[in-house]
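Inspection log for the structure reproduced underneath, given as structure tokens.
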Amino acid sequence: MDGTGCALRQLRDGLRVMASPTPRHLLAFSNIGFASTFAIAFALTFAMNCACAAMPKSVDGELLKQLRQDVPDIRDCAPEQARPFIARKIDLSADDSQQYLLTATGNCMCGQVNCSQWVYRRGAQKWELLLETQGYSFTTGAAAHHGYRDVETRSRDNAVRVDILRYSFDGRVYQAAPARQSLGRAGGSGRSREVLFSVGTIAIRLQGRVSPDEAESWTLRAKKTQTMRLSLVDHDNAGITFTVRRPPGSDGKALAASAGRWEGTLPATGTYTVVVDAPRKGRGTYTLSMEVR
């Protein structure tokens, strides 16, 4: 897109920010006048879209068309000709292929902090979707798999918790690492990590460290009637046990309490939490085997 078209789009986006500001815009623009508010909104959209002038118009149109095909929700919340994302070229591989990071904008695919993100690669016939994720940050790492660098996203669930999720390329698409690290405010009751099984995987081993003052929680999305099998296969503190909690909104009764081994059929679809703790004195490390069928 040429510079004039890009500037006009930035002006349009600035007006949209003014017409329907999100909570973060309201916070940033409080106690200032209309003219200053618009200037800031325009500056923000200009800074966010500054790379659009460098993107060929054909690439911009192709990515928009492919995104609408791959993500039906985009078609539901954005007008036909709208461009509900910011695109920037990224360098994930040493080959000659083109890769772009698309980050959603506006209220279409964004919350107050996190926005949907997509990584595309130019294929032989079309643009290929390598990764679909969500967050407020996207960075590349030094390690690489199958010729493509690992990536890391950060998302915020609330005011004190930041989730860090790492992805590696499997030769076709990016897959999430087995667990997501969560950072919370110091002095909390423990760490929480989300278990994410790779495609075709039904079992995983989770490792951690606990103490009487700090437990660890593992959360997992599972469906009703699936079978879950848990076992502490290795630990250096005989007091380490785990508790299996039902999804939020259930009756609150634990499926298993102070257990070292458990197997059962899940009663509902939702997020289950496995809390590992050490009620006795001293810290301890453990390995928890988890299987879901």
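Any read-out appearing in this document is the output of simple, stated calculations on the displayed coordinates, not a laboratory observation. Just so we're clear, the structure is a prediction, and the values are computed from it rather than from any experiment. Note: ideal-geometry Cβ built from the backbone for every residue, glycine included; neighbour counts use all protein chains shown.
As a rough footprinting exposure proxy, the listed residues Thr243, Thr140 were ranked by other beta carbons within 10 Å of their own, and the order from fewest upward is Thr140, Thr243.
Under 5 Å from the amide H of Ala256 lie the amide H atoms of Val244, each residue being 5 or more positions distant or on a separate chain, with H modelled from the backbone and absent for Pro and chain starts. Each of Ser250, Val233, Thr219 was placed along the dipole of segment 195-264 (beta-carbon charges, centred on the mean Cα), and the one lying farthest toward the positive end is Ser250. Counting beta carbons within 10 Å around each of Phe85, Phe197 and listing the fewest first gives the order Phe197, Phe85.
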